[in-house]
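Below is one structure, written out as C-alpha cells; the observations come after it.
Rule-based calculations on the coordinates, nothing more; no lab input. Worth saying up front: this structure is predicted, and the values here are computed from it rather than measured. Note: ideal-geometry Cβ built from the backbone for every residue, glycine included; neighbour counts use all protein chains shown.
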Amino acid sequence: MKNQECKIIHTDDCFYVVNKPGGLLAVPGRGAEKQDCVERRMLNLFPDSFEEGLVQPAVHRLDLHTSGIMVLARSRDSFRYLAKQFENRQVKKEYIAILEGQVVEESGIIDLCFRLDVENRPHQIYDPINGKRGISRWEKIGDFEGRSRIRFFPETGRTHQLRLHSSHELGLGIPIAGDFLYGRGQDGDPMLLHASEISFIHPNTNQRVTFRSEPGF
C-alpha cells in the first residue's frame, strides 16, 4: 500500500489538501526506512510550491494505517494560522470506520483519558489518573455482514484516539476492522479507518472551507 500515490484534492496559494493512502507515513519517522511519507513526497514533487525553508509543512498527522485527508501548508504564515485552529479545536473533522462487530446504539459521545504504554510502544492504554482526555462524538451509519459502519467526529486529536475509543470496553467495545494493535487484524492488513472530511477557516479569505474524501471501503 505504500506505493499508492497521494492524490491532490485541492491546492491554492496557502495549502495543499491530499488524500493519504493507508500504510504510508504522514511525516518522516526515525531511521532511513521511515523517510517515505506524505510530507517528503509533496516536497519532492513540488519543491517550488513551498516557501523556502519550510521543511515541515504538514499541519496535522494521520496514523500510518489511517487513510484520508491531510493538509499541508505552503508558507510559514499559513502553517501558523492553520496550526492554531487545530490547537484551539476550531477544525471540524469526520472519519468513517468499519468495526469488527455490530454496535447496538445509534449515536453517542466517548470521553476517555489515555496515555502511551511505555512498555509496549506505540500502544495507548486507558488511564483516568495520568492520561490525556480524548473526546469523540459518533453515529452509526448502518450494519452489514455483522459489522457496523460508523461516522466519528473527534473533538480532540490524541494518538490512536478513534482506535482506542472503538476498541475499549468503556467506548464502543468493538475494534476497527484490520486494526492489529487493538483488534484482530494482522500487521500489514488494511485498517478500515478513513479521514473523510475536514473543515477550517481559510487563511486568506477568513471563510470556512470544507473538503471531503470518500473511503475506498
Kindly provide log₁₀ I(q)/I(0) values, in the same order as q = 0.31 Å⁻¹, from the Debye equation applied to equal alpha-carbon scatterers of the range 134-183. -1.32
Helix 76-87 versus the longest principal axis of the chain: what is the Cα-based angle in degrees, 0 to 90, to the nearest 10? 20 degrees
Pick out, in residue order, every one of the GluC sites (Glu not before Pro) in the range 123-210 that is DSSP loop and has at most 11 other C-beta atoms within 10 Å; say none if there are none. Glu145, Glu169
Hey, if you put +1 on the Cβ of every Lys and Arg and -1 on every Asp and Glu Cβ in the chain, which of Gln102, Ala83, His168 ends up farthest toward the positive end of that dipole? Ala83
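Cα-Cα over 26 Å: which of Lys34/Lys140; Lys7/Lys34; Lys34/Lys92; Lys93/Lys132; Lys84/Lys140?
Lys34/Lys140; Lys34/Lys92; Lys84/Lys140
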For the range 39-85 versus the range 176-203, the gap between their alpha-carbon centres in whole angstrom: 19 Å
Normalised alpha carbon radius of gyration of the range 94-197 [divisor 2.2 N^0.38 Å]: 1.00
Can you pull the percent of Cα pairs in the chain with separation above 30 Å? 22 percent
Above 13 Å lies some portion of the pair distances; for the range 36-77, what is it as a whole percent of all C-alpha pairs? 52 percent
Could you give the dipole magnitude of the range 73-183 about its Cα centre, charging the beta-carbon of Lys and Arg +1 and that of Asp and Glu -1, in debye to the nearest 20? 760 debye
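What's the Cα-based Rg to Rh of the range 1-91, Rh via Kirkwood? Display every interim value, and only then the final one.
Numbers: Rg = 12.5 Å, Rh = 13.3 Å.
Here the Rg-to-Rh quotient is 0.94.
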Out of the GluC sites (Glu not before Pro) in the range 74-125, which ones are loop residues according to DSSP with at most 13 other C-beta atoms within 10 Å? Glu105, Glu106, Glu119
Per DSSP loop assignment and a cutoff of at most 13 other beta carbons within 10 Å, the chain keeps its longest run without exposed trypsin sites (Lys or Arg not before Pro) at 90-183
Shape parameters for the range 72-113, alpha-carbon atoms, Rg then Dmax in Å: 16.3, 46
